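Here's the structure, in structure tokens; my notes come after.
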Amino acid sequence: MTRFVPSRHYLYAGLTAVAGAAFSTWCGLSWPLAFIPAVVFLASAVALVLLALRPVIEVHETHLVIGKEPIPWADIRRVDHAGWLSPLVVHLTLFDDRRLVVLYPGDPDAARRLLRYLRRLPRFALIDGVPHRRFWGDPPPPGGDDRGSPRCPLLRAEDEAEVERLYQRLKAVGHLDQKSSADEE
């Protein structure tokens, strides 16, 4: 298990922004235009403190834990990196088409390690739109069956049941048409 804890630099920067907001507000009492930087400092402080209070991310062999929510690696269907490294922003698409945003405000080295885990461990996911095996340059499995790419359903469940029924009938009778053997003669 590997834990990724948000960097304390965001908390210190947020507290510094609170101090800047307080100073700008004090200056605004005698010069009203100083309230503008006070608002900017306050907005920055809120954003930085919220980043510092993000939940811990744990990487296990079988699943990912964000806060208290475990996500099995097999449930992740797509991993899309937003391009930001500090803070790290990654969009995960799960098997039920639910989308999660992983936001990790850590130092760049830890963010690179977390991004590597997020790209390496979900074996059946598309990584930035590329199948897992092709993204990592792994050879295809013997037999040419690439199980690394996600399986997209082609038929509805009712249609699959109908195809299965027709297949079983074909196996049992040998043909699908309704004609009897007397009609063919």
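All of the numbers you see were taken from the coordinates with simple rules; none came from a lab. What you see is a predicted model; the values in this text were computed from it and never measured. Virtual Cβ from ideal backbone geometry, glycine too; neighbours counted across all protein chains shown.
When the P(r) of segment 2-52 is calculated, the portion above 18 Å amounts to 37% of the C-alpha pairs.
Under the combined filter of DSSP loop state and at most 16 neighbouring Cβ atoms within 10 Å, segment 52-112 retains these chymotrypsin sites (Phe, Trp or Tyr not before Pro): Phe95. The residue among Ser30, Leu53, Thr93 whose Cα reaches farthest toward the positive pole of the charge dipole of the chain, with charges on the beta-carbon of Lys, Arg, Asp and Glu, is Ser30.
Using the rule -39500 (n - 2.57) for each DSSP H run of four or more residues, divided by the residues of the chain, the 222 nm mean residue ellipticity is -13000 deg cm²/dmol. Note on the chain: with a GNM built from Cα contacts shorter than 10 Å, the maximum mean-square fluctuation among Pro37, Pro70, Pro131 falls on Pro37. Helices meeting the span-like rule in the chain (full DSSP H runs, Cα extent of at least 20 Å along the helix axis, mean Kyte-Doolittle score of -0.5 or higher): 9-28, 35-52.
Please give me, ordered by residue number, the trypsin sites (Lys or Arg not before Pro) of segment 96-140 that lie in loop per DSSP and have at most 12 other Cβ atoms within 10 Å. Those that pass, being in a loop and sparsely packed, are Arg98. Average projection, convex hull of the Cα set of segment 1-152: 11.0 square nanometres.
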